[in-house]
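Since the structure comes first, as structure tokens, the remarks are kept for the end.
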Amino acid sequence: MPELNALECLIEAGRPYLERHHLGRVTMGEGGLPLLAVTLGNPDPAVPAVGFFGGVHGLERIGAEVVMAFLASLVSRLRWDSSLHRSLESVRLVFMPLVNPGGLWRATRANPKGVDLMRNAPVQAGGPVPWMVGGQRISAKLPWFMGEIGEPMETESRALCDLVEREMLGHVSSISVDCHSGFGLADRIWFPFAHTAKPIQHLAEMHALCEILDQTHAQHRYVFEPQSRQYLTHGDLWDHLYMRACERPNCMLLPLTLEMGSWLWVKKNPRQLFSRSGMFNPLIEHRQQRVLRRHIAWLDFVLRAAAGMQRWLPRPELRAWHEEMALDRWYRQSVQTGARA
Ligand SMILES: [Zn+2]
């Protein structure tokens, strides 16, 4: 599988700075595929952690590619960039670019058992979810299958959750980015919750992060919002991990999901409509390059934001102000107009 080979090559090229973690194996027919993660930077629990994830949905190949391209650029900079080495002293990095290697191999959204990993966590939506899309237990042959009731989480979801708990939640604060594609015309950055329209406990911190993004990259095109503004789902892995983090004393996880708006690529090249992969990925070379460039720059912003967290996290006396601003921006308006798709 080319993506797995590429990841092994990157790990090799990044020695001795990169550590390789074998998280398990996914069975596929006769054979199997490894679940791999990479860590680098300072393991001290006192420094913040940042995690980059991709390939949860096998069909959304561009998500894995963005994370791999970002890792590749870091690996090449490790050879010469002393500013990178300095910043690695103040942050821990975790990468899992191929969460669902079986799905990537088969070009399916779900894993080889037909389970949608992003509907597979033990989280039940607190309001009505869109039919099917919000998660279903009817059949593994249909999309958005959550898994059989009472079954443990899938190997891939379990591996991701264990990795986050072990490598990130031991740190006082962390940010995660999970890269997806396929929703709408705009590039979106979603934060929890996906299972309820209620705001998260760390809304002030999330707003402060959005504020430094808006101020630093004034021309950025991302729509930054809680996922619940678009639709609710069952089983969201990041809702689950966010709540796990909240159960721990002195622990904060700010999970972000990048949803690259693939309809724009389809609009510019309508022939993509006739290819399943084309609905979720830029198929034309120059567009692919542009997509990678734009989102690598954003992942680099997230890395810097994580490393400099202590500088922008709101001080206690400013939390209430950030929370008010966030409620106005993301929650009150949608209640007034009832505008939630
Ligand atoms: Zn996805």
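The values are calculated or read from the model by the stated rules, or taken from the named source; none is laboratory data. Everything numeric in this text was worked out from a predicted model, so none of it was measured. We place every Cβ from the backbone using ideal geometry, glycine too, and count neighbours over all the protein chains shown. Note: areas computed on protein heavy atoms with side chains; ligands, DNA, RNA excluded. Shrake-Rupley method; radii C 1.70, N 1.55, O 1.52, S 1.80 Å.
At a 1.4 Å probe radius, carbon and sulfur cover how many percent of the accessible area of the stretch 182-232?
Result for the stretch 182-232: 49 percent of the exposed heavy-atom area is carbon or sulfur.
Restricting to Cα atoms and excluding each atom paired with itself, what does the Kirkwood estimate give for the stretch 235-283 in Å?
That comes to 13.3 Å for the stretch 235-283.
Enumerate the amide H contacts of residue 56 below 5 Å, restricted to partners 5 or more residues apart or on another chain; note that Pro and chain-start residues carry no placed amide H.
99, 100
Quantify, in whole percent, the carbon and sulfur part of the accessible surface of the stretch 43-92 (1.4 Å probe; protein heavy atoms only).
The value for the stretch 43-92 is 57 percent carbon and sulfur by accessible area.
At a Förster distance of 30 Å, what's the computed FRET efficiency of residue 30 paired with residue 137, Cβ-Cβ distance as r, to 0.05?
Computed FRET efficiency for residue 30 and residue 137: 0.55.
Counting only DSSP beta bridges with both residues in the stretch 1-126, tell me the antiparallel percent, nearest 5.
Looking only at bridges with both residues in the stretch 1-126, the antiparallel portion is about 70 percent.
Mind checking which lysines have their Cα closer than 24 Å to the Cα of residue 113? Skip sequence neighbours fewer than 8 apart in that chain.
By straight Cα distance, residue 113 reaches 141.
Which order do peptides 168-180, 92-104, 267-279 fall in by mean Cβ count within 10 Å, highest first?
Going by the mean number of other Cβ atoms within 10 Å, highest first, we get 92-104, 168-180, 267-279.
With every protein chain left in place, what is the accessible area per residue of the chain in square angstrom, probe 1.4 Å?
With the other protein chains kept in place, the chain gives 44 Å² per residue.
Relative to the present Cα-Cα distance, how much length would full extension add between residue 19 and residue 225 at 0.36 nm per residue of separation?
70.8 nm is the gain from fully extending residue 19 to residue 225.
In a Debye calculation with equal point scatterers on the alpha-carbon sites of the stretch 51-141 and no solvent, what is log10 I(q)/I(0) at q = 0.13, 0.15, 0.18 Å⁻¹?
Relative scattering, expressed as log10 I(q)/I(0), comes to -0.59, -0.70, -0.85.
Taking square-rooted eigenvalues a ≥ b ≥ c of the alpha carbon gyration tensor, is the chain rounded, prolate or oblate, where a/c under 1.5 means rounded and, failing that, a/b exceeding b/c means prolate?
Judged from the Cα gyration tensor, the chain comes out rounded (a/c under 1.5).
Among 223-236, 2-15, what's the highest-first ranking by average C-beta atoms within 10 angstrom per residue?
223-236, 2-15
Based on Cβ point charges of +1 for Lys and Arg and -1 for Asp and Glu, what charge dipole magnitude is obtained for the stretch 219-293 about its Cα centre, in debye rounded to the nearest 20?
Dipole magnitude for the stretch 219-293 comes out near 480 debye.
Place +1 on the Cβ of every Lys and Arg and -1 on the Cβ of every Asp and Glu in the chain, take the dipole about the Cα centre, and give the residue among 284, 222, 36 whose Cα lies farthest towards its positive end.
Positive-most Cα among the choices belongs to 284.
Show me 211-220, 285-294, 42-51 ranked by packing, highest mean number of other Cβ atoms within 10 Å first.
Most protected by this proxy first, the peptides run 42-51, 285-294, 211-220.
Calculate how many DSSP beta bridges within the chain are antiparallel, expressed in % of all such bridges and rounded to the nearest 5.
The answer is about 40 percent antiparallel.
Which value, in debye to the nearest 20, describes the size of the charge dipole of the chain about its Cα centre when Lys and Arg Cβ atoms bear +1, Asp and Glu Cβ atoms bear -1, and nothing else is charged?
My answer is approximately 840 debye.
Once fully extended, how much extra length lies between residue 327 and residue 311, figured as 0.36 nm per residue of separation less the alpha-carbon to alpha-carbon distance?
Stretched fully, the residue 327-residue 311 segment lengthens by 3.5 nm.
Can you work out the FRET efficiency for the pair residue 198 and residue 244, with r the C-beta to C-beta distance and R0 = 22 Å, to the nearest 0.05?
0.80
Under a point spin-label approximation (7 Å from Cα along Cα-to-Cβ), what is the residue 44-residue 294 distance to one decimal in nm?
Between residue 44 and residue 294, the label points sit 3.8 nm apart.
Pick from 63, 31, 184 the residue whose mean-square fluctuation is largest in a GNM of the chain, springs joining Cα atoms under 10 Å.
Fluctuation is largest for 31.
For the stretch 1-159, build the charge dipole from Cβ charges (+1 Lys, Arg; -1 Asp, Glu) around the Cα centre, then report which of 13, 145, 131 sits farthest towards its positive end.
Selected residue: 131.
Using a probe of 1.4 angstrom, how much of the accessible area of the stretch 108-158 is carbon and sulfur, in percent?
61
Assuming R0 = 56 Å, what is the FRET efficiency of residue 89 and residue 268, from their Cβ-Cβ distance, to the nearest 0.05?
Rounded to the nearest 0.05, the efficiency is 0.85.
How far is the Cα center of the stretch 1-36 from the Cα center of the stretch 247-313, in Å?
22
Rg and Dmax of the stretch 1-86 over Cα atoms: what are they, in angstrom?
Cα radius of gyration and Dmax of the stretch 1-86 are 14.2, 46 Å respectively.
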